[in-house]
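Here's the structure, in structure tokens; my notes come after.
The values are calculated or read from the model by the stated rules, or taken from the named source; none is laboratory data. On a predicted model such as this, the values are computed, not experimentally measured, just so you know. Don't worry about glycine lacking a Cβ; one is built from the backbone with ideal geometry, like all the others, and counts go over all protein chains shown.
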2 protein chains.
Amino acid sequence: MPAILVSEVGPRDGLQSIDPILPLSVKTAWIDALVAAGVREIEVGSFVPAKLLPQLADTAAVVAHALKHSGLTVAVLVPNARGAEAALAAGAHKLTLPLSASETHSLRNLRRTHAQVLEDAAAIATLCKSAAYDVHFEGSVSTAFGCTLEGVVTERKVVELAEALMAAGVDEVGLSDTTGYANPAQVKSVVRAVHAAIGTQHLTGLHLHNTRGLGLANVLAGLDVGITTFDASLAGLGGCPFAPGASGNIVTEDLVFMLEAMGLDTGIDLPRLLDVRKILAAALPDEPLYGFTPDAGLPLGFAVARG
Amino acid sequence: MPAILVSEVGPRDGLQSIDPILPLSVKTAWIDALVAAGVREIEVGSFVPAKLLPQLADTAAVVAHALKHSGLTVAVLVPNARGAEAALAAGAHKLTLPLSASETHSLRNLRRTHAQVLEDAAAIATLCKSAAYDVHFEGSVSTAFGCTLEGVVTERKVVELAEALMAAGVDEVGLSDTTGYANPAQVKSVVRAVHAAIGTQHLTGLHLHNTRGLGLANVLAGLDVGITTFDASLAGLGGCPFAPGASGNIVTEDLVFMLEAMGLDTGIDLPRLLDVRKILAAALPDEPLYGFTPDAGLPLGFAVARG
């Protein structure tokens, strides 16, 4: 198995923050191309009411298509137990429930208090355990490194919520830098604190943003403390529309370039991945596509060096 | 003393790669504002023939102005002994001679072989040692992490040139990722190899680019192996016009944000530094200004957190 799992979140996180609604055929072509490039986990959508996010209204159909790819982990976001029921009915492999460390942000984003989200987590854990197939349930602590509404988020708060999520029955906790506030020292410190509280095997993934340009530096910090899964969005599509001022997922292309250049195997064929941008460029002509490596191109001798 | 020295290279590296010629009064206002924000080292120009780089033709006058700031290290680039003579006549505190690890790039950039540049280094070292004041002479190995013309640059070649520069009499060796090819694992490995060869005290600074988005991750790698000086350019102005495809200095604002957020003291007041952009925006209305932190703004509570 490749050493590092790059989890592509563009079809969910990217699309939810832009206005255009992609037809199902483009979403499936995009997913197929990602898989062909070697991507092994894709967050393909979110089971939220269609009136809230019409861009993701066809998530069940996207899941059904994505399930055809053997070896692909089909991940979805679920805001509550109703969403989880739909996700399980669709057959998603991995369900992620966000729990914002900032209660202000939680109320704004999900209209729920911490206690209410934790009740949801317990209900979803029960649903997952009684599902007819193996489901992985992640509780993702968002605004884990700071909040545009509350400011500083303490390490203690993040640890407390990670423990509460584990107690509610999640299989794993993730941490999200929703607002792009994280710095490398903080990433190391918070991850270590959560690892100490719930065990290293229960926190393996980070969702980092590049809002202030520190995305890849924060990945490097995560690698240093044993993180092996990183979320990213092809062409940097997306962000969190509910956190004012937040934007900018890590660009998958730049992330894969960094990891592969470092000799860390992602299982992803970078030239093929760079080609997938063409699908987005054609389907979303008015959306900016981000990324440094796509503009600069691969270093001369890069393919040779990687064998 | 602050823990980390951020060396601003915009007035040299930035200006040499754009067409507009800034009047002396703008350059000095820019430098004054940088110093007021806490910047302690600025590469203010280059002693090259005016016909090659008319943008830097007034370097002697810029040096004369910059010297008025007590505590500021006034650095300049010199391509050869003639440039060094002019730099010493002007009173520059620090002279940097580039030596490209790629001989192809060296011939293209300076029109000199390695042997010729090393002869220059020895001549300049002699000039510096006989100067009437204390001068710091750095030999900077450019294309140290790969070359757009030659491709891979071996660690052995970089070590060999670092040793040759020390033998020629430089006070210190620097490493430049001229082409934006470096990755964090490589930065650590090359720095460690050079440290082992010439001593940690003789390699304290890196000049990194953000061409493929890895600039700050590479800084983090440098910090991990004891590097304490990082070059950067306000608003990311500049790059190397002689290395095709190369561009993009690290943005000073993003670098300072990362370091200060990590609790590493730079001595720089970030809000004041962000204000300095206005000088560039007004003087260079047609040049793109880069940087994530300036767009996103400082995190809520950032100033409070830094106390």
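Within the range A:201-208, does at least one residue satisfy the condition of being at pLDDT below 95, touching a Phe, Trp or Tyr at 6+ places or on another chain (Cβ under 7 Å), aliphatic (A, V, I, L, M) and closer than 21 Å to residue A:10 by Cα?
Looking through the range A:201-208, none of the residues is at pLDDT below 95, touching a Phe, Trp or Tyr at 6+ places or on another chain (Cβ under 7 Å), aliphatic (A, V, I, L, M) and closer than 21 Å to residue A:10 by Cα.
Out of B:46, B:25, B:7, which single residue is over 18 Å from residue B:289 (Cβ atoms), polar (S, T, N, Q) and free of Cβ contacts under 8 Å to residues at least 12 places away in the same chain?
It is B:25.
Can you pull out the strands (runs of 3 or more DSSP E) entirely within the range B:1-78 that have at least 2 residues that are small (Gly, Ala, Ser) and surrounded by 17 or more Cβ atoms within 10 Å (Cβ to Cβ)?
Fully inside the range B:1-78 and qualifying: B:41-46.
Select from the range A:158-187 the residues that are of a type outside the set (A, V, I, L, M) and surrounded by fewer than 20 Cβ atoms within 10 Å (Cβ to Cβ) and write down the one among them that is farthest from residue A:134 (Cα to Cα).
Looking at the filtered set, the residue picked out is A:160.
Could we say that residue A:155 is closer than 18 Å to residue A:125 by Cβ and surrounded by fewer than 20 Cβ atoms within 10 Å (Cβ to Cβ) here?
Criteria not met by residue A:155.
Taking the condition more than 9 Å from chain B (Cβ to nearest Cβ) and modelled with pLDDT of 95 or more, does residue A:307 pass?
no
Quick one: how many residues across the range B:111-125 are of a type in the set (Ser, Thr, Tyr) and either under 15 Å from residue B:48 (Cα atoms) or crowded, with 18+ Cβ neighbours inside 10 Å (or both)?
Selection size over the range B:111-125: 0.
Looking only at the range B:51-81, how many residues end up being over 24 Å from residue B:230 (Cα atoms), free of Cβ contacts under 8 Å to residues at least 12 places away in the same chain and of a type outside the set (A, V, I, L, M, F, W, C)?
1
Tell me, yes or no, whether the range A:222-237 has at least one residue that is within 11 Å of chain B (Cβ to nearest Cβ) and more than 18 Å from the chain's Cα centre (by Cα).
yes
So for the range B:259-275 (the condition being within 19 Å of the chain's Cα centre (by Cα), at pLDDT below 95 and either part of a helix (DSSP H, G or I) or facing another protein chain (nearest Cβ under 8 Å) (or both)), does at least one residue qualify?
Checked against the condition, which is being within 19 Å of the chain's Cα centre (by Cα), at pLDDT below 95 and either part of a helix (DSSP H, G or I) or facing another protein chain (nearest Cβ under 8 Å) (or both), the range B:259-275 yields no hits at all.
Yes or no, residue by residue, for (1) at pLDDT below 95; (2) away from every other protein chain (no Cβ under 14 Å):
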position: A:138; (1), (2): no, yes
position: A:148; (1), (2): yes, no
position: A:156; (1), (2): no, yes
position: A:162; (1), (2): no, yes
position: A:170; (1), (2): no, yes
position: A:179; (1), (2): yes, no
position: A:182; (1), (2): no, no
position: A:190; (1), (2): no, no
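Condition first: of a type in the set (Val, Ile, Thr) and out of contact with any Leu (no Cβ under 9 Å at 6 or more places or on another chain). Now tell me which residues in the range B:88-136 satisfy that.
B:126
Among (1) within 25 Å of residue A:210 (Cβ to Cβ); (2) in contact (Cβ under 8 Å) with a residue 40 or more places away in the chain, where does residue B:170 come up short?
Going through (1) within 25 Å of residue A:210 (Cβ to Cβ); (2) in contact (Cβ under 8 Å) with a residue 40 or more places away in the chain one by one, residue B:170 breaks only (1).
Based on this model, can you work out whether residue B:97 counts as buried (at least 20 other Cβ atoms within 10 Å of the Cβ), under 27 Å from residue B:173 (Cβ atoms) and either aromatic (Phe, Trp, Tyr) or out of contact with any Asp or Glu (no Cβ under 6 Å at 6 or more places or on another chain) (or both)?
Answer is yes for this residue.
In the range B:279-304, how many residues are more than 14 Å from chain A (Cβ to nearest Cβ) and over 22 Å from residue B:210 (Cβ atoms)?
So the count comes out to 3.
So how many residues does the range B:276-287 have that are free of Cβ contacts under 8 Å to residues at least 12 places away in the same chain and in a loop (DSSP other than H, G, I, E, B)?
So the answer is 1.
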